[in-house]
């Protein structure tokens, strides 16, 4: 623990912020992407404090934190959910400084995030998912699959696995060959490196097998050898941006409306499971959510779907 120091020896704000981020990484085990997001938010906060000539964390007041919180909406144009995320980082920073005896008070303790409307996750229909998958690459069982572009065989396997497991895109690109426990199970590492085992359905199994047999050997020969499951055309691990582009391209070919992202498949995975009768706690485990409250937002989607079916089917549902 950092001992309390006189004001003139406390150190600069950037260094003390770095101490907090190291704490999140080492002690809390937060993922690199999460740390990067926190750093970006706290850099913005530090720029604000610099404009107020704040050089010492003990100079920060609750009034200053409130002023910054207001600017997040008025100056930076952030929506409620983004403001809440930034304020969570600031509250954590000041709480850390207080616990480490860097400061004598917590000026952010009373700052509450704005209430945000609970937006429903975006999901597409089963038919749209099938169209997306077919647009990504050939059906592994199709007769002409052997003659197809081997890279498209990989792309089909990526989308099939995303929809079959509900994996986040970062979880997918970080997969190694050893994470395929057997054809029916895959090991995913979620936020904070939390491990979970997820079943792999038959369609995804066949797509993966086609990729591993026909495409991956060709790709790995272009590089120096890597344990990564999904490879780029230079034989290295596929990047997050490339995986995202694969999905975007498939969505354009399928002519699906709106923006289709990796999270669209994750949302659709959860929604379709619940619509099929899966228990919300099972879906929670499959998604890797630490709290069932996070998963329960998907139940709102299925309730809306139930209302829609009821309104269209019941003879006295409408006046």
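The values are calculated or read from the model by the stated rules, or taken from the named source; none is laboratory data. All figures in this text were calculated on a predicted structure; none of them were measured in a lab. Glycine also receives a Cβ, built like all others from the backbone with ideal geometry; neighbour counts cover every protein chain displayed.
Kindly provide the set of residues from the range 273-286 that are touching a helix residue (DSSP H, G or I) at 6+ places or on another chain (Cβ under 6 Å) and crowded, with 19+ Cβ neighbours inside 10 Å, ordered by number.
273, 274, 283, 284
So how many residues does the range 210-260 have that are out of contact with any helix residue (DSSP H, G or I) (no Cβ under 7 Å at 6 or more places or on another chain), at pLDDT below 90 and surrounded by 14 or more Cβ atoms within 10 Å (Cβ to Cβ)?
Residues in the range 210-260 being out of contact with any helix residue (DSSP H, G or I) (no Cβ under 7 Å at 6 or more places or on another chain), at pLDDT below 90 and surrounded by 14 or more Cβ atoms within 10 Å (Cβ to Cβ): 1 in total.
Is there a residue being part of a loop (DSSP other than H, G, I, E, B), at pLDDT below 90 and out of contact with any helix residue (DSSP H, G or I) (no Cβ under 7 Å at 6 or more places or on another chain) anywhere in the range 35-43? Write out each step before concluding.
The initial filter retains those residues of the range 35-43 that are part of a loop (DSSP other than H, G, I, E, B), namely none.
Looking through the range 35-43, none of the residues is part of a loop (DSSP other than H, G, I, E, B), at pLDDT below 90 and out of contact with any helix residue (DSSP H, G or I) (no Cβ under 7 Å at 6 or more places or on another chain).
Wholly within the range 225-288, which helices (runs of 4 or more DSSP H) include no fewer than the required count, namely at least 1 residues that are within 12 Å of residue 159 (Cβ to Cβ)? Working first, answer last.
Details: elements: 240-254, 262-275, 280-287.
Of the helices (runs of 4 or more DSSP H) lying wholly inside the range 225-288, those with at least 1 residues that are within 12 Å of residue 159 (Cβ to Cβ) span 240-254, 262-275.
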